[in-house]
Amino acid sequence: MKAGKLYFGSNLKMYKGVADTAAYLTELQRLTADLNREGIELFILPSYTALPEAARVTDQSLVRLGAQNMGWEEEGQFTGEISCRMLRELGIGMVMAGHSERRHVFRETDEDEQRKVRCALDHGMIPLLCVGETAEDKRYGISREVLTMQLKIGLYGVSREEAPRVRVAYEPVWSIGVNGTPAEPAYAETMHAAIKEVLRGMFGEAGSRIPVLYGGSVNPGNARELIALPSVDGLYVGRAAWQADKFNILIRDALAACGR
């Protein structure tokens, strides 16, 4: 049996509107209500426009809600940005930083992600920092170096006391999206072990308490094998989670693979 809490989450990206998100969350919490939350954490990141309704219909003791992105200032002349204070007003206590689409489509830097992580922690939120190497990084054999840089810059200034509030999602850039290919389990384990080594080096024993989730073309065919890997603490699921009934089955299969 695999010990410790297991984490299951999904980023809905720009796919579900307000009504679809509310229906999805209502169904997901109904289907998973019997699962003991002391042993698992379930979280969903809806679109911005759906967050108020999502917060209204969701029991966050069953499904934690998070935001897909956030500005790094409380307020100011930042047209189009959403601040941590605005999210807190909605009852949102989690925020993602560093998703590969933010890094590679919107050109955000490691320093940008560090500011968001710092702002989230300063306002009592849980930052979910995404890290991952590109296909070119993998081909050149510098995956570990890239992940180390993303972690050390993204979590710069985080104290050992704050570290357990952080979540990390490992998402190889080449494995996510419509045309992504899942990482081989052995490769995923190697990268997760490397991430955990960096976190322990940064935060000591507190670094061992930072959950590291695998994300990248997780599906019903590979979820059991991935969640059973020694260094994988959870699954960050894409389109395989976007139907509540299918996500429920995937979660239960993964728990069974861990002897739960």
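Side notes on the structure shown:
- When we screen GLY76, GLY71, GLY66 for residues that are in a strand (DSSP E or B) and of a type in the set (Gly, Ala, Ser), the only hit is GLY66.
- Residue match in segment 234-242 (condition: buried (at least 16 other Cβ atoms within 10 Å of the Cβ) and part of a loop (DSSP other than H, G, I, E, B)): yes
- Test for GLU41: is it closer than 25 Å to TYR170 by Cα and in contact (Cβ under 8 Å) with a residue 60 or more places away in the chain: yes
- Selection count where residues are within 13 Å of VAL158 (Cα to Cα) and of a type in the set (Ser, Thr, Tyr), scope segment 86-135: 0
- Residues satisfying the stated conditions in segment 87-113, i.e. in a helix (DSSP H, G or I), of a type in the set (Lys, Arg) and farther than 11 Å from GLN68 by Cβ: ARG88, ARG103
- Residue that is nearest to ILE176 (Cα to Cα), among those in segment 61-117 that are among the basic types (Lys, Arg) and over 18 Å from the mean Cα position of the chain (by Cα): ARG107
- Test: ILE153 is outside any strand (DSSP E or B), buried (at least 18 other Cβ atoms within 10 Å of the Cβ) and among the hydrophobic types (A, V, I, L, M, F, W, C): no
- Residues located in segment 121-143, provided they are within 15 Å of VAL173 (Cβ to Cβ) and not aliphatic (A, V, I, L, M): CYS130, GLY132, GLU133, THR134, GLU136, ASP137, LYS138, ARG139, TYR140, SER143
- Residue list for segment 202-218, filter: closer than 13 Å to LEU235 by Cβ and either modelled with pLDDT of 95 or more or part of a helix (DSSP H, G or I) (or both): PRO211, VAL212, LEU213, TYR214, GLY215, VAL218
- Within the option set GLU162, GLU189, GLU184, being under 22 Å from SER10 (Cα atoms), touching a Leu at 6+ places or on another chain (Cβ under 6 Å) and either surrounded by fewer than 22 Cβ atoms within 10 Å (Cβ to Cβ) or free of Cβ contacts under 8 Å to residues at least 24 places away in the same chain (or both) holds for one residue only, GLU189.
The values are calculated or read from the model by the stated rules, or taken from the named source; none is laboratory data. Values in this document were obtained by computation on a predicted structure and should not be read as measured data. All Cβ positions, glycine included, derive from the backbone under ideal geometry; neighbour counts span all protein chains shown.
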